[in-house]
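Each remark here refers to the structure printed beneath this line.
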Amino acid sequence: MTDAQPLLKLDGIARNFGAIEALRGIDMHVDRGEVLALLGDNGAGKSTLVKIIAGGLRPSAGRMLFDGAPRDFATPAEAKAAGIETVYQDLSLCTNADVVANFFMGREITRRVLGIPILQERAMEAVVAQAMAEAGTTIPSLRTNVENLSGGQRQAIELNRFVHWGGKLVLLDEPFAALGVEQTRRGLAMIRQVAARGIGVIVITHIMAQAFAVADRIVVIRQGRVAGDVKSNQTTPEAVIEMITGGTLSGAGPDRDRDTHDPASETEEARQ
Ligand SMILES: Nc1ncnc2c1ncn2[C@@H]1O[C@H](COP(=O)(O)OP(=O)(O)OP(=O)(O)O)[C@@H](O)[C@H]1O
Ligand SMILES: [Mg+2]
């Protein structure tokens with residue numbers, strides 16, 4: 001395997017839910033150290049795609065190559081073992097355990113004393129403290145239960161844990177939806193730091209400014225297909241909106257952007 005190969009390559013990934021064709025043949029790739037923003041209207045297929053990559057859903061058709069090998073993850077645990085993980089704001093942390101316990105969950109350092117495994121709390125705390133310091137993350141106390149931390153702090157713990165345990169591709173589905181301005185700014189900076197370590201990042205966002213702030217490349221999904229794949233420094237927000245809406249922004253096509261504030265068509269939509 002060489003670095004010239006993309007970290008992740010998708011080839012004709014499709015997924016049906018009964019009669020609904022949520023994905024209709026997605027071809028895309030992510031490089032090591034690259035941040036890719038996945039954009040698209042509601043229902044375009046972004047979450048479905050991310051779930052397939054992370055082993056949460058099986059594709060109906062298509063191939064996935066990860067780290068040089070064909071992969072078909074049956075469960076999120078399999079994807080995680082290969083180095084792919086979805087970072088949620090709090091869903092995968094145990095709120096009634098402290099930061100250190102969450103960081104190590106299932107990987108605790110123990111020492112056998114008279115044959116009995118004893119947790120090495122000091123050693124574990126030092127590892128977490130160092131990982132947090134390297135990432136520039138400040139948590140008031142590593143012995144605080146996670147339930148007392150903010151959404152942004154929880155996200156930071158998850159990302160740091162992922163990096164520390166050798167993750168290779170991290171997926172974030174609207175990670176900043178519930179965060180304030182400052183926490184979002186820190187979250188975006190953390191994504192760049194994670195990528196700088198050679199990790200691939202896919203981030204779903206509806207906010208154009210965030211996509212342009214953090215991403216090297218923007219991939220637009222529209223009605224289950226790739227409608228655009230562009231370097232973010234070679235495009236404009238206007239061009240990306242065109243891709244999202246299929247250029248029907250000023251028309252009245254069936255997939256026109258519901259966020260355009262055209263009072264006439266809003267009335268029309270309301271009547272439907
Ligand atoms: N489990 C499911 N069962 C049936 N249909 C589903 C299921 N999951 C997704 N879909 C359908 O697949 C399509 C794509 O949904 P998906 O959640 O991937 O969209 P999305 O791009 O993430 O949208 P949003 O921006 O609103 O989160 C939608 O039409 C949705 O209704
Ligand atoms: Mg979604």
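Annotations for the structure displayed:
- Residues within region 57-71 that are more than 17 Å from residue 20 (Cβ to Cβ) and either crowded, with 17+ Cβ neighbours inside 10 Å or modelled with pLDDT of 95 or more (or both), tallied: 8
- Looking across region 40-86, the residues that are assigned to a loop (DSSP other than H, G, I, E, B), in contact (Cβ under 8 Å) with a residue 60 or more places away in the chain, of a type outside the set (S, T, N, Q) and within 16 Å of ligand 2 (Cβ to nearest atom) come down to 40, 41, 44, 45, 54.
- Single condition residue 21 does not satisfy, out of (1) out of contact with any Gly (no Cβ under 8 Å at 6 or more places or on another chain); (2) within 10 Å of ligand 1 (Cβ to nearest atom): (1)
- Test: residue 4 is under 30 Å from residue 247 (Cβ atoms), in a loop (DSSP other than H, G, I, E, B) and assigned by TED's automatic domain parsing to the domain that holds residue 220: no
- Members of region 143-162 that are more than 18 Å from residue 125 (Cβ to Cβ) and of a type in the set (A, V, I, L, M, F, W, C): 159, 162
- Residue list for region 93-107, filter: in a loop (DSSP other than H, G, I, E, B) and either surrounded by 15 or more Cβ atoms within 10 Å (Cβ to Cβ) or touching a Gly at 6+ places or on another chain (Cβ under 8 Å) (or both): 93, 97
- Every condition in (1) within 14 Å of ligand 1 (Cβ to nearest atom); (2) modelled with pLDDT under 90 holds for residue 249 except the one numbered (1).
The values are calculated or read from the model by the stated rules, or taken from the named source; none is laboratory data. Since we're looking at a predicted model, the values are computed, not measured. Here the Cβ is made from the backbone with ideal geometry for all residues, glycine too, and neighbour counts use every protein chain on show.
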